[in-house]
1. List residues of segment 5-29, by number, whose backbone nitrogen lies under 17 Å from a label position 7 Å along Cα→C-beta of S86.
2. Given the options V16, A35, S88, identify the residue whose Cα lies farthest towards the positive end of the charge dipole of segment 3-104 (+1 on Cβ of Lys, Arg; -1 on Cβ of Asp, Glu).
3. Show me 113-120, 28-35 ranked by packing, highest mean number of other Cβ atoms within 10 Å first.
4. Using the number of other C-beta atoms within 10 angstrom as an exposure proxy, rank E89, E41 with the fewest first.
5. Want the number for T68 to R120: 0.36 nm per residue separation, take away the alpha-carbon distance, what's left?
6. Determine the equivalent ellipsoid of segment 28-78 by diagonalising the alpha-carbon gyration tensor, then write out the semi-axes as square roots of 5 times the eigenvalues, largest first, rounded to whole Å.
7. Where q = 0.16, 0.25 Å⁻¹, what log10 of I(q)/I(0) comes from the Debye formula for segment 3-104, counting one point per Cα?
8. Say R0 is 25 Å: what FRET efficiency, to the nearest 0.05, do L97 and D13 get from their beta-carbon distance?
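A short reminder: the numbers here are calculations on the coordinates, not readings from a lab. The shown structure was predicted, so the numbers you read here are calculated from the model rather than taken from an experiment. Note that we place each Cβ from the backbone using ideal geometry, even for glycine, and neighbour counts take in every protein chain shown.
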Amino acid sequence: MNDEEFDSKEYRDEFVAANIRNGIAFQIRAMRQKANLSQSELAQRAGKTQNVISRLEDPDYGRFTLNTLLDLAKAFDVALVVRFASFSELRASVAYLTPSALEIPSYAEEAAASRRKLARLKEQFSNILLVHHARDSGHRSILGEAETKSLLKATAFLSGTSYGSALNEARTGDLSLPRARHESTGPRHMANTV
């Protein structure tokens, strides 16, 4: 795919059509396999027949309706984005396409990943509270104010609260963070002080 090829209107039109036909067909198959579903099981979830799913997974078929794609989005519990784009955006989107990029996580998978990320941030923030406790006890902090604020802002974003609310919740322990005074001894406390 070079610039000279894209100078041809016919080439651009075929490139867009092939990208849609192949991309959607391959993505349906990849997502179905990731979910460990047979074509019949996906068909049942989407209110279709197995034969329809088979055709949709065939890159030569290429006759997708928005309603069918919406039914599949519901069956996979994912969002569907349909919009016009520039050729440079299309080229960029396919330049680094990998098979795993076709396997979009369901809402439940995405929510679980967000909860895990939030739990890691809460753990990091509890360590920051220990650092501040150590600083209040006359020890030097290994984290500066900027790092502390950045981590608190990220925690607030992932927990769906404002910075001020997250700060207040962290101070009162409402984010399920251990309070520094409860963990003032032990290896974790020692690792966070200098």
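1. Zone members listed by number: 6-7.
2. A35
3. Working: 113-120: 12.2, 28-35: 18.5.
The peptides rank, most packed first, as 28-35, 113-120.
4. Details: E89 11, E41 15.
Fewest to most other Cβ atoms nearby, the residues stand as E89, E41.
5. Values: separation 52, 0.36 × 52 = 18.72 nm, distance 3.86 nm.
Working it through step by step, the gained length comes to 14.9 nm.
6. Values: eigenvalues 43, 31, 21 Å².
Values for segment 28-78, descending: 15, 12, 10 Å.
7. Taken in order of the listed q values, log10 I(q)/I(0) reads -0.72, -1.47.
8. Numbers: r = 20 Å, r/R0 = 0.80.
Using R0 = 25 Å, I get an efficiency of 0.80.
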